[in-house]
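The values are calculated or read from the model by the stated rules, or taken from the named source; none is laboratory data. Remember, it's a predicted structure, so these values are computed and weren't measured experimentally. Don't worry about glycine lacking a Cβ; one is built from the backbone with ideal geometry, like all the others, and counts go over all protein chains shown.
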Amino acid sequence: MRDRSAAFRSRQHQSRIEGRAQRLEVVDFFNALTGPELLERTEALLPQHREREYPPTVVLAMFLKQALSQDRSCQRAVNGWIAQCAAEGLKAPSARTGRLLPGAPSRADTDGHGSHA
């Protein structure tokens with residue numbers, strides 16, 4: 001009986017975590033990474049980079065959202081960030097993210113319909 005009870009509590013706990021993760025947006029991850037508790041650590045671990053449309057902290061925040069989403073869609077995570085920028089009156093970045101994904105086919109490598117040639 002004790003094992004079934006522990007397994008049930010574990011499933012309940014997992015279900016609660018999954019539910020909370022689904023409600024988080026990219027900006028929530030970004031705020032956690034750049035908030036007072038993690039900012040110093042995050043900056044210390046960042047590689048040297050130039051100013052860009054999607055800095056490493058934004059890319060990491062979008063990846064976390066993507067990894068924890070049910071559909072695991074990169075485009076959905078990017079769209080969420082773009083929507084958040086627009087909602088806050090900021091310049092919306094480009095939705096073309098192929099340059100963020102090493103090894104992803106470029107537009108020249110596809111047949112124009114998003115599939116590999």
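Consider Ala61 carefully, then state whether it is among the hydrophobic types (A, V, I, L, M, F, W, C), under 15 Å from Ala95 (Cβ atoms) and under 9 Å from the mean Cα position of the chain (by Cα). The answer is no for Ala61. Against the criterion of being part of a helix (DSSP H, G or I) and surrounded by 10 or more Cβ atoms within 10 Å (Cβ to Cβ), Ala7 qualifies. Restricting attention to the range 14-55, the residues that are within 11 Å of the chain's Cα centre (by Cα) and in a helix (DSSP H, G or I) total 5.
Selection within the range 73-87: residues that are closer than 19 Å to Arg23 by Cβ and either loosely packed, with under 11 Cβ neighbours inside 10 Å or of a type in the set (S, T, N, Q) (or both). The member of this set that is modelled with the lowest pLDDT is Ser73.
Annotation: Arg41 fulfils all but one of (1) touching a helix residue (DSSP H, G or I) at 6+ places or on another chain (Cβ under 6 Å); (2) among the charged types (D, E, K, R); (3) over 24 Å from Ala86 (Cβ atoms); the unmet one is (1).
Filtering the range 50-71 to residues that are within 20 Å of Ala32 (Cβ to Cβ) and touching a helix residue (DSSP H, G or I) at 6+ places or on another chain (Cβ under 7 Å) leaves Tyr54, Thr57, Val58, Val59, Leu60, Ala61, Met62, Leu64, Lys65, Gln66, Leu68, Ser69. In the range 67-84, the residues that are within 13 Å of Leu24 (Cα to Cα) form Cβ pairs under 9 Å with partners that are loosely packed, with under 15 Cβ neighbours inside 10 Å and of a type in the set (S, T, N, Q), at six or more places apart or across chains, as follows: Leu68/Gln22; Ser69/Gln22; Gln70/Gln22.
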